[in-house]
Amino acid sequence: MKEKITYGSIDEYISTCAPEVQETLQTLRKVIQEAAPDAKEKISYQMPTFDLHGNLVHFAAFKKHIGFYPAPSGIEAFQEEVQKYHKSKGTLQFPMDEPLPYDLISRIVKYRAASNIAKAEAKSKKKK
């Protein structure tokens with residue numbers, strides 16, 4: 001049985017990828033950090049994850065694509081623009097042989113951050 005790999009940090013995760021992929025992942029990470037500066041980095045589901053009042057987005061490198069996980073709401077809100085990418089309920093797949101759509105990713109992250117913050121504020125108002 002193959003031993004399950006566990007990562008302690010996003011840096012550790014990225015360091016296990018091929019050098020050309022590492023560059024893409026570091027840029028993706030920077031785009032997410034700039035779009036949601038208050039989000040905290042962590043590893044969740046063995047993937048780099050940004051957390052802001054709950055999971056914001058995850059990403060992961062695969063053989064032929066970069067998986068980006070902005071939850072279903074992050075995909076629905078940008079339905080037109082994500083049309084050309086392979087997607088499933090909460091996943092977008094960006095082909096390795098194409099540049100990542102960083103502007104689109106940034107807007108999706110900002111959208112997710114705003115909705116997570118709004119949800120958290122609504123919850124805290126209920127408690128009062």
**Request:** Specify which residue in the list Tyr102, His65, Tyr85 is farthest towards the positive end of the charge dipole of region 62-112, using unit charges on the beta carbon of Lys, Arg (+1) and Asp, Glu (-1), about the Cα centre.
**Result:** His65
**Which listed pairs, of Lys42/Lys63; Lys84/Lys110; Lys87/Lys126, have C-alpha distances above 29 Å, in listed order** = Lys87/Lys126
**³J(HN,Hα) computed for each position of region 61-69 - Karplus, 6.51 cos²θ - 1.76 cosθ + 1.60, integer Hz, glycine/proline x** = 9, 10, 4, 10, 8, 9, x, 10, 10
**Asked** Which whole-Hz couplings ³J(HN,Hα) result when phi for each residue of region 36-51 is put into the Karplus expression 6.51 cos²θ - 1.76 cosθ + 1.60, θ = phi - 60°, listed in order with x for Gly and Pro?
**Response** 9, x, 8, 5, 9, 8, 7, 10, 9, 6, 6, 10, x, 9, 10, 10
**Asked** Roughly how tilted is helix 19-35, in degrees to the nearest 10 and between 0 and 90, from the longest Cα axis of the chain?
**Response** 10
**Asked** Do the sum for the chain: with -39,500 (n - 2.57) for every DSSP H run of n ≥ 4, divided by all residues, what is the mean residue ellipticity at 222 nm, to the nearest 500 deg cm²/dmol?
**Response** -14000 deg cm²/dmol
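Could you compute the FRET efficiency for Lys84 and Val21, with r as their C-beta to C-beta distance and R0 at 30 Å, rounded to 0.05?
Efficiency, from the Cβ-Cβ distance: 0.90.
With a Förster radius of 35 Å, plug the Cβ-Cβ distance of Thr6 and Lys30 into 1/(1 + (r/R0)^6) and report the FRET value to the nearest 0.05.
On the way: r = 24 Å, r/R0 = 0.70.
Efficiency, rounded to the nearest 0.05: 0.90.
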**Prompt:** Using θ = phi - 60° and the Karplus curve 6.51 cos²θ - 1.76 cosθ + 1.60, what whole-Hz ³J(HN,Hα) does each residue of region 94-108 get, with Gly and Pro shown as x?
**Reply:** 9, x, 4, 8, 10, x, 5, x, 4, 5, 4, 4, 4, 5, 5
**Item:** Nonlocal amide H pairs with Ile66, under 5 Å, H built at 1.01 Å
**Value:** Phe94, Met96
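What does the charge dipole of the chain about its Cα centre add up to, to the nearest 20 debye, if the Cβ of each Lys and Arg holds +1 and the Cβ of each Asp and Glu holds -1?
Values: 20 positive and 16 negative charges, 177 e Å.
Approximately 860 debye in magnitude.
No value in this document is a laboratory result; all are computed from the given coordinates. Everything quoted here is computed from the prediction, not taken from an experiment. When we count neighbours, we look across all protein chains shown, and the Cβ atoms used for this are built from the backbone with ideal geometry, even at glycine.
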